[in-house]
1. Would you call residue 106 out of contact with any helix residue (DSSP H, G or I) (no Cβ under 9 Å at 6 or more places or on another chain), on the phi < 0 side of the Ramachandran plot and of a type in the set (D, E, K, R)?
2. Can you tell which of 118, 96 is in contact with a Cys (Cβ under 9 Å, 6 or more places away or on another chain) and closer than 12 Å to residue 60 by Cβ?
3. Take the residues of segment 132-176 that are part of a helix (DSSP H, G or I) and aromatic (Phe, Trp, Tyr): which is farthest from residue 57 (Cα to Cα)?
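Read-outs: derived from the displayed coordinates by stated rules, not from any lab. From a predicted model like this one, the values you see are computed outputs, not experimental measurements. All Cβ positions, glycine included, derive from the backbone under ideal geometry; neighbour counts span all protein chains shown.
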Amino acid sequence: MTTRPTPTPEPAPVFYAADNYVAGGTGVGHLLARVFNMLAQELERQFEPSGLTNAQWKPLFKLSTGEVSTVAELARVCTLDAGGMTRMLDRLEAKGLCQRVRSSEDRRVVNLEITEAGRDAAKVIPEVLSRVQNAYLAGFSVEEWEALKSYLRRMLDNANDFQQAQQAQQTTTSAAGENHAS
């Protein structure tokens, strides 16, 4: 019985190099940022008649779907720090869209409740998101749309892997520095 040699993998392509890097224009990060910024501006414009801002629709939508029920959960899914979430909730409460209720079991926990006005305001969110995203995807086939989502998920996975590796390296470097100082 003969064994076949394992083929060596092709080296990963290098898409950017420091010696010829040109900022802006054609870079993936630049293009993603431009799409994101244009999307945020359009959502802001589309939500204006309902009294919501681009920053307010996501927390309100998450509350309306029942995906979250506490301030801590909402801050995590909206990727806001505690201070930012507190300010956001202050604005949503001032508009009468939600209310914070301290937990009777654990005083450290603040539960969130969407109001009737909040439920009414949240009804426009899926319509606006669908309309704007469909406009931005005009001309894409279903296969291209699925491929784009797949590519973006892969980039997110790569970004998570990269961040975890950087954190592990930082932890190792910090630990080595502490051991050296001892």
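1. On the way: out of contact with any helix residue (DSSP H, G or I) (no Cβ under 9 Å at 6 or more places or on another chain): yes; on the phi < 0 side of the Ramachandran plot: yes; of a type in the set (D, E, K, R): yes.
Yes: the conditions hold for residue 106.
2. The unique qualifying residue is 118.
3. Across segment 132-176, the extreme among qualifying residues is 162.
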